[in-house]
Amino acid sequence: MGCRRAVAVVSLCLMPVLLLAGCDVVPDSADSPETTSPDGAVAQVQAIVAATGASTVGQVWVNVSPDPSGADALWESAVVYTQIGGETVNWRVGSDGVSSEPDSAFSFAGPGVPVDELDVEGMVASARELHETESECDDATVYVSTVPSGATARWARCRKNGLDQYVPGTATLDGETVPDVYDPTSAEGVASLVDVVRRVYGTTSVLDVVQGTPVLEAGNNNVSTLVTGMPIDDMECTPTLSVTSSYTDTGEVAVPVISSCGVADYPPDSSLTVFDLASFDPAGLAGVWSAMNEAGFATEDMSGLHFFSSDGRMLIVRASPNDPGDDGWETTIAAS
């Protein structure tokens, strides 16, 4: 059941690649049957960085897929996202060299990943391994991106039978694995969520939290928890982190390390204020579901819970019914 919001709401050539160093890591086509697209992903990223003069990038992704010509080889491609004058631009290399175009459908929040910290060679290796080892992975893509805290996020996706999905277990922040699923009804699950919020946002001060009802019915594959962070002052962005709180084996898991970037006009209600998620007892936050049930409101009858504050110290928890004609439920939780 999808979450419904109650409000509007990344040497010798064995070392990590230094993109501007000009190290030749492209295999010779005469020596390797798996020669990639012209120059390969590593050289493509090098060419893009050289053309843009960028010292940081918002996101880089490397894709490995079967050679479109039908040859028994793997085809590599790379895309680099930068921000120019507040506009997101994607860059890639084709037969005519480096090209770019604005990309209004993609935005990123954070200071950018330094280009001399990108291990594109490692990304290619990971994508190739996924292509070979992940069941039915028609093509594999590894991403590196920026997050608001400045940490470097990395994850992978596979296209299986035409569907492009995140590969569980591949998300990391600064090289450390991040959980894929957070149980909102357990103190441990809530504490883990608070920790990843801190690592993604660099703070646990947030604007609101919305949890989808942790009940999975036929046809519903996952439930999300959304945490809206503080607006970013130097860009029109209010970051929102979406994680999976419940799922079925056939359901898609959200990428647990990336925050989407919306227009910084939140909150729409001036009575709402920022609160510190870490100042509330995880057990108390997790216990609201059972408290709601004890008050006579069935979980499956509610669309989810909205956590917000009007003073920064008292947390209001509001459940909205699926049927607008039914009564909702509300409680408060004091900071520890």
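A few points about this structure:
- The set of residues in segment 113-127 that are over 17 Å from residue 49 (Cβ atoms) and open to solvent by less than 10 Å² (accessible area, probe 1.4 Å) contains only 127.
Residue by residue, here is whether (1) on the phi > 0 side of the Ramachandran plot; (2) polar (S, T, N, Q); (3) in contact with a Ser or Thr (Cβ under 6 Å, 6 or more places away or on another chain); (4) at pLDDT 95 or above holds:
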position: 132; (1), (2), (3), (4): no, no, no, no
position: 150; (1), (2), (3), (4): yes, no, no, no
position: 157; (1), (2), (3), (4): no, no, yes, yes
position: 162; (1), (2), (3), (4): yes, no, no, no
position: 168; (1), (2), (3), (4): no, no, no, no
position: 182; (1), (2), (3), (4): no, no, yes, no
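- Within segment 307-314, one or more residues are open to solvent by less than 10 Å² (accessible area, probe 1.4 Å) and among the polar types (S, T, N, Q).
- Condition check for residue 89: farther than 22 Å from residue 174 by Cβ, aliphatic (A, V, I, L, M) and either in a strand (DSSP E or B) or open to solvent by 40 Å² or more (accessible area, probe 1.4 Å) (or both): yes
- Filtered residue count, segment 135-149, keeping only those that are more than 22 Å from residue 121 (Cβ to Cβ) and under 14 Å from the mean Cα position of the chain (by Cα): 3
- Per-region count, segment 276-307, residues modelled with pLDDT under 95 and farther than 21 Å from residue 321 by Cα: 0
- Out of 302, 230, sole residue that is within 19 Å of the chain's Cα centre (by Cα) and of a type in the set (A, V, I, L, M, F, W, C): 230
- Segment 163-199, residues that are farther than 26 Å from residue 304 by Cβ and of a type outside the set (A, V, I, L, M): 164, 169, 170, 172, 174, 175, 176, 177
- Tally of residues being of a type outside the set (Gly, Ala, Ser), in contact with a Ser or Thr (Cβ under 6 Å, 6 or more places away or on another chain) and outside any strand (DSSP E or B) across segment 232-257: 1
- Unmet requirement for residue 130, which otherwise passes all of (1) open to solvent by 60 Å² or more (accessible area, probe 1.4 Å); (2) over 15 Å from residue 49 (Cβ atoms): (1)
The values are calculated or read from the model by the stated rules, or taken from the named source; none is laboratory data. All of these numbers come straight from a predicted model, not from anything done at the bench. Virtual Cβ from ideal backbone geometry, glycine too; neighbours counted across all protein chains shown. Accessible surface is based on the protein model in full, side chains and every heavy atom, while ligands, DNA and RNA are left aside. Shrake-Rupley method; radii C 1.70, N 1.55, O 1.52, S 1.80 Å.
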